[in-house]
Amino acid sequence: MAARFIVEADGGSRGNPGPAGYGAVVRDGDTGQIVAEAAEFIGHATNNVAEYKGLIAGLKAARELDPDASVDVRMDSKLVVEQMSGRWKIKHPDMQPLAAEARTVFPRGRVAYTWIPRERNKDADRLANEAMDAGKAGRQWEPRPKAPAVATAATSVDEPPLETAAPKAGWAAPADLGTPTTFVLLRHGETPLTPEKRFSGSGGSDPELSDKGRWQAERAAEALAARGSIQAVVASPMRRTRQTAETVAARLGLDVRYEDGLREVDFGDWEGLTFAEVQERHPDDLSAWLGSAKAKPTGSAESFTTLTHRAGVARDKIIARYAGKTVLVVSHVSPIKTLVRLALGAPPDSMYRMELSAASICAVQYYSDGNASLRLLNDTSHLR
């Protein structure tokens with residue numbers, strides 16, 4: 001059955017026109033739980049342009065979760081609601097293409113529009129202001145990290161669930177939060193580039209697993225089959241992750257669902273080079289990249305800030321689709337480290353302080369109150 005979502009969207013401009021941004025949240029239509037967020041600083045624009053862009057972003061976020069969904073849009077902009085409902089004409093030339101784009105996201109008849117007072121649109125308003133604050137600081141908005149839960153150290157992938165979790169305020173028992181969604185994060189097995197420690201992202205040769213990498217995938221499959229709780233498999237569409245995921249899924253008797261947001265970073269001109277070679281050829285770019293999550297590899301259009309956004313969207317899509325289940329997520333070094341970082345609420349440079357071996361296993365649990373708990377990091381016991 002297709003999902004039902006509620007999209008709440010807002011936009012603002014400090015000056016009208018002036019520095020502008022939008023925010024949007026997607027809620028589960030049955031529970032009201034937020035399953036996706038979007039926000040962006042859009043530069044110099046009017047309130048109405050920002051509101052329309054927030055609407056489009058919210059609709060696209062809902063479509064990413066389920067393209068067959070029905071959507072109830074709720075906004076405190078009377079103008080946008082009346083225009084998109086067809087009751088008011090759209091006369092302004094800046095509004096016409098935005099309204100047209102909004103209508104293309106879902107087929108006619110699957111989106112309804114409702115006006116709500118401003119006090120009932122606080123989450124979207126908050127995100128719009130966060131986006132404008134980020135723009136004022138010279139950066140783009142990033143998803144807020146999930147608050148870490150109080151946990152004991154984990155030593156194996158099948159450690160039992162936590163007895164308590166830490167919500168945003170106070171304490172709650174698991175019964176209060178429901179069954180968490182568990183990500184078992186598996187890095188792909190080795191490729192010929194792995195032991196040479198060469199940059200291998202989504203802009204390179206897309207290598208396949210080596211003989212050792214295939215052996216590692218088999219060992220991971222054995223360990224995860226013994227665990228016995230994996231209910232779904234989602235993977236990056238790159239060759240090495242497909243091969244790893246398909247090996248494990250065959251052992252588990254499951255299909256693989258592919259999610260583009262889990263692919264590795266595009267390392268541009270660094271693809272195939274060692275760290276020493278990049279340091280020799282592109283020393284300034286490398287220094288900038290190591291010093292800022294907004295910096296990009298030479299010749300690439302993707303920074304760790306960009307990765308954080310798409311990995312966060314991928315995470316929210318998986319949680320929405322498989323709420324309360326245990327999902328094997330097969331990905332790469334950078335996306336897995338990003339998901340771990342967000343779960344811990346750690347700063348971007350914490351990624352440089354994590355070790356993540358080929359075919360290693362991590363585990364993160366996500367609770368319904370928005371908290372996350374890191375249960376396992378870089379487990380390679382199945383490879384010994």
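Data table
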item	result
Flag for Glu40 being surrounded by 16 or more Cβ atoms within 10 Å (Cβ to Cβ) and not in a loop (DSSP other than H, G, I, E, B)	yes
Test: residue in segment 299-313 that is within 26 Å of Val26 (Cβ to Cβ) and among the basic types (Lys, Arg)	yes
Residue within segment 102-110 that is at positive phi, surrounded by fewer than 15 Cβ atoms within 10 Å (Cβ to Cβ) and without any contact (Cβ under 8 Å) to a residue 24 or more places away in the chain present	yes
Any hit, segment 112-132, residues being at pLDDT below 50, in a loop (DSSP other than H, G, I, E, B) and surrounded by 17 or more Cβ atoms within 10 Å (Cβ to Cβ)	no
Of all residues making up segment 253-304, the number that are touching a strand residue (DSSP E or B) at 6+ places or on another chain (Cβ under 7 Å), within 30 Å of Leu65 (Cβ to Cβ), part of a loop (DSSP other than H, G, I, E, B) and hydrophobic (A, V, I, L, M, F, W, C)	1
Ala249 vs. criteria among the aliphatic types (A, V, I, L, M) and at pLDDT below 95	no
Filter result (modelled with pLDDT of 95 or more and either buried (at least 20 other Cβ atoms within 10 Å of the Cβ) or outside the structural domain of Glu259 (by TED's automatic domain parsing) (or both)) within segment 202-222	Leu209, Gly213, Gln216, Ala217, Ala220, Ala221
Qualifying strands (runs of 3 or more DSSP E) (wholly inside segment 320-380; at least 3 residues being under 15 Å from Glu142 (Cβ atoms))	none
Matching residues in segment 88-111 - criterion: being among the basic types (Lys, Arg) and in contact with a helix residue (DSSP H, G or I) (Cβ under 9 Å, 6 or more places away or on another chain)	Lys89, Arg103
Subset of segment 350-363 that is under 24 Å from Phe275 (Cα atoms) and touching a residue at least 24 places away in the same chain (Cβ under 8 Å) - its residue that is nearest to the chain's Cα centre (by Cα)	Met351
Selection within segment 182-227 - without any contact (Cβ under 8 Å) to a residue 60 or more places away in the chain and in a loop (DSSP other than H, G, I, E, B)	Thr191, Pro192, Pro195, Asp206, Pro207, Glu208, Leu209, Ser210
Test for Tyr22: is it touching a residue at least 12 places away in the same chain (Cβ under 8 Å), part of a helix (DSSP H, G or I) and not acidic (Asp, Glu)	no
Val49 of a type in the set (A, V, I, L, M) and over 25 Å from Ile319 (Cβ atoms)	yes
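The values are calculated or read from the model by the stated rules, or taken from the named source; none is laboratory data. These figures come from a predicted structure and were not determined experimentally. Reconstructed Cβ throughout: ideal geometry from the backbone, glycine too, with neighbour counts over all protein chains shown.
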